[in-house]
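The values are calculated or read from the model by the stated rules, or taken from the named source; none is laboratory data. Computed from a predicted model, the values in this text were never measured in an experiment. Positions of Cβ are generated from backbone atoms using ideal geometry, with glycine treated the same way; all protein chains shown enter the neighbour counts. The area values use the complete protein model at the heavy-atom level, side chains included, leaving out ligands, DNA and RNA. Shrake-Rupley method; radii C 1.70, N 1.55, O 1.52, S 1.80 Å.
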Amino acid sequence: MHIILMGPPGAGKGTQAEKLAKEFALPHISTGEMFRNAVKEGTEMGKKAKEYMDKGGLVPDEIVVGIVKERLSKPDCTGGVLLDGFPRTLEQAEALDEVFEELKMKIDAAVSVDVEAEELINRLTGRRVCRNCGATYHMKFNPSKVRNICDHCSGELYQRSDDTIDTVKERLIIYNSQTLPIIEYYKRKGLFAGFDGSRPINEVFTDISAYLQKIQEK
Ligand code: AP5
Ligand code: MG
Ligand code: ZN
């Protein structure tokens with residue numbers, strides 16, 4: 001199964017992707033995570049991406065499409081993938097169609113989790129992420145067992161540099177103007193499925209899983 005996971009910043013794409021990837025044995029490909037790793041490694045691409053990420057803007061399409069294409073060409077993707085946070089513009093959605101055609105793959109579903117803006121701001125400003133394994137927590141809604149320590153790997157938890165209130169507001173504006181239009185794109189192709197992401201993590205997960213299970217059985 002080749003699945004696209006969409007939704008505004010903080011809707012729970014990463015949280016759901018972590019669980020869905022395990023449930024359906026799919027590689028979890030998050031472009032945001034790829035950029036954060038490149039920043040950590042100090043690569044040229046990372047330096048370039050950071051300029052956009054810290055302002056809450058989008059990294060230019062040609063950079064993003066390049067790294068996704070490279071990643072999708074790896075052998076672990078032939079059986080399926082879970083794309084988290086890509087595509088985010090119409091240009092990226094069109095480029096993805098071309099890449100999939102070249103690689104003889106097809107998109108099975110474009111799943112979106114949606115949450116209203118006020119709640120997104122609460123979620124993002126309270127989020128903590130493991131420096132070592134990338135697992136995501138929330139100080140109030142999904143705390144680690146030991147404060148600031150990852151449950152999975154005992155790594156240190158940190159706050160993402162783009163999770164400040166001003167950057168979060170900018171990311172929401174960018175989502176509404178650049179990314180929302182691709183929902184129509186996938187609706188027209190009959191691939192879109194929207195889920196209410198404002199419910200507890202496990203409820204959202206159960207619904208998306210049941211939906212993907214049906215797609216898989218088709
Ligand atoms: P990216 O890392 O993808 O950030 P994002 O889209 O802004 O989304 P987030 O990761 O912030 O949120 P999420 O939906 O994954 O929520 P999470 O599960 O963590 O991208 C970062 C940047 O990279 C972009 O701004 C851009 O600059 C660049 N970039 C990436 N992809 C790009 C692309 N394709 N094109 C161009 N640029 C690109 O959950 C959030 C919090 O809420 C957590 O604390 C979690 O514990 C909590 N939570 C989750 N679900 C629930 C729930 N149901 N109830 C209560 N709390 C919950
Ligand atoms: Mg994420
Ligand atoms: Zn960890």
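Some notes on this structure:
- The calculated FRET efficiency for the pair ASN202 and GLU102, based on their C-beta separation and a Förster distance of 41 Å, comes to about 0.65.
- Carbon plus sulfur fraction of accessible area for the chain, probe 1.4 Å, in percent: 51
- Alpha-carbon centroids, segment 11-25 and segment 159-218: separation in whole Å: 12
- Residue-by-residue Karplus 3J(HN,Hα) for segment 179-189, coefficients 6.51, -1.76, 1.60, Hz, glycine and proline x: 9, 3, x, 6, 4, 4, 4, 7, 5, 4, 7
- With protein chains left intact and a 1.4 Å probe, residues in the chain average 52 Å² of accessible area per residue.
- Percentage relative contact order, the chain, counting C-alpha pairs under 8 Å, at least six apart: 30
- Computed [θ] at 222 nm, deg cm²/dmol, the chain (DSSP H ≥ 4; -39,500 (n - 2.57); rounded to nearest 500): -14500 deg cm²/dmol
- Distant-in-sequence amide H partners of GLY194 (H built 1.01 Å from N, under 5 Å): SER112
- The length gained on full extension between GLU44 and ARG188, counted as 0.36 nm times the residue separation minus their Cα-Cα distance, comes to 48.1 nm.
- Among ASP114, ASP54, ASP166: highest mean-square fluctuation, GNM of the chain, C-alpha pairs under 10 Å: ASP166
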